[in-house]
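A short write-up of the structure that comes next.
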Amino acid sequence: MPCASLLTSPLPRLPFPTTTTKTHFKPRHPCPIMSLNQKPPPTPNPNLLTTITKLLWGPSLPPQLLISTVRSTWSAAWHLMMSQLAPSDPTGNYTRPTSQFRSNSTQFSRQKPKTLHLYVGLPCPWAHRTLIVRALKGLETSVPVSVASPGVDGSWEFRDRAIPDGDRVVPGLDSANGCKTLREVYKLRRGGYSGRSTVPMLWDVERKEVVCNESYDIIELFNSGLNGLASNPDLDLSPQPLKKKIDEWNQIIYPNVNNGVYRCGFAQSQEAYDSAVNELFSTLDMLNDHLGSSRYLCGDVLTLADICLFTTLIRFDLVYNVLFKCTKRKLIEYPNLHAYMRDIYQIPKVAATCNFGAIMDGYYKILFPLNPSSIRPAMPSGCEHEFLSQPHSRTSLSSVDKNVQVPVL
């Protein structure tokens, strides 16, 4: 699955016609200030606004007609923005667009491994999968990465403003093509490109071509297709005897959890939200029960299914519980799920892929229709590194070597 700067489709510039301007639509881009080519209007003088409101209404609320008019106008504008941000079916259920560039093992085998370059964005859970598998397999040197940031218009852009944060991955410049935006990179491919510019994206530097922008295809390649370049080639996150189980778990986790949180946050009707939130939490309940007797989803071995679940869990209390209305329970209220998440977080190299500040900024400051103020809330204490580093006691569930489950070089 891809992230188009967390948006499935860019938002249009909203038309607010006046007597001197014509109503028109600009090309679609997500934009917190709803303007791409103009500076935002000057902030009204708060003293003047206060004086006018006191003259009109005194200490009371504005008249009901004004309130209902503003409410109706905002509701219409919100539905217009949401229809572009998160396409839905007639009942208001969010429908995620499919990836445009898929690759199978045969196509991957034709690539020259040393010409691959990975593009990611830190807020995106789908891109996060690729960073984790790349780190666990020891492909950091063989597959360089460029980390994009969500721009003010919601598109992925590259900028050299990040402050180093220890060994954590931080945003930066495009080290492969020197582009300013990810859209520019996509356009470099033969024949150009005008579709959704999503992360993660695997790029062939030599051929100037998009190899793949489907996250699961990429993590399968990193797991087993580049062992000749990996410093940890013996780690197999998708062993043949477990492939069926991994697929079965993915069939549960993807629609109900990975995409389930988005179905909650992007629902455009009460019925769609109720259905999504019930399916999400019934699945979390089931997972919590299962992990009470199993260290990982498929037993004693960490697999790709665990990686896919982890990148949603690590964002749950940080973002989805609040912004996406996944409010029935916090993840920290699930003892087995939260300990399981800490277990994976504490695997060497995984914590370095988790940039919580970038994740929060990418959601709260960019998803304008869900958070018009762009105010980023305080980080929950249960999401801080010190808390996530506390003992998880999950090794007692392993029937094999309890000390080294995931060897990482």
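Work out, step by step, the length gained on full extension between LEU65 and ASP167: first 0.36 nm times the residue separation, then minus their alpha carbon distance; give nm to one decimal.
Going from the current span to full extension adds 31.2 nm.
If I model a spin label at GLN390 and ASN278 as a point 7 Å from the Cα along the Cα→Cβ vector, what separation in nanometres do I get?
3.4
Based on the Cβ-Cβ distance of ASN47 and SER293, what FRET efficiency does E = 1/(1 + (r/R0)^6) give at R0 = 56 Å, to the nearest 0.05?
0.30
So how do 239-250, 296-307 stack up, highest first, on mean other-Cβ count within 10 Å?
296-307, 239-250
Past 25 Å, Cα to Cα: identify those pairs from LYS325/LYS365; LYS180/LYS365; LYS244/LYS349; LYS137/LYS330; LYS114/LYS137, in the order given.
Beyond 25 Å: LYS244/LYS349; LYS137/LYS330.
What is the order of GLU271, GLU157, fewest Cβ neighbours within 10 Å to most?
Fewest-to-most Cβ neighbours within 10 Å comes out as GLU271, GLU157.
Computed from the coordinates by the stated procedures, all read-outs in this text should not be read as laboratory data. All of these numbers come straight from a predicted model, not from anything done at the bench. Methodologically, a virtual Cβ is constructed for each residue, glycine included, from the backbone with ideal geometry; neighbour enumeration extends over all protein chains shown.
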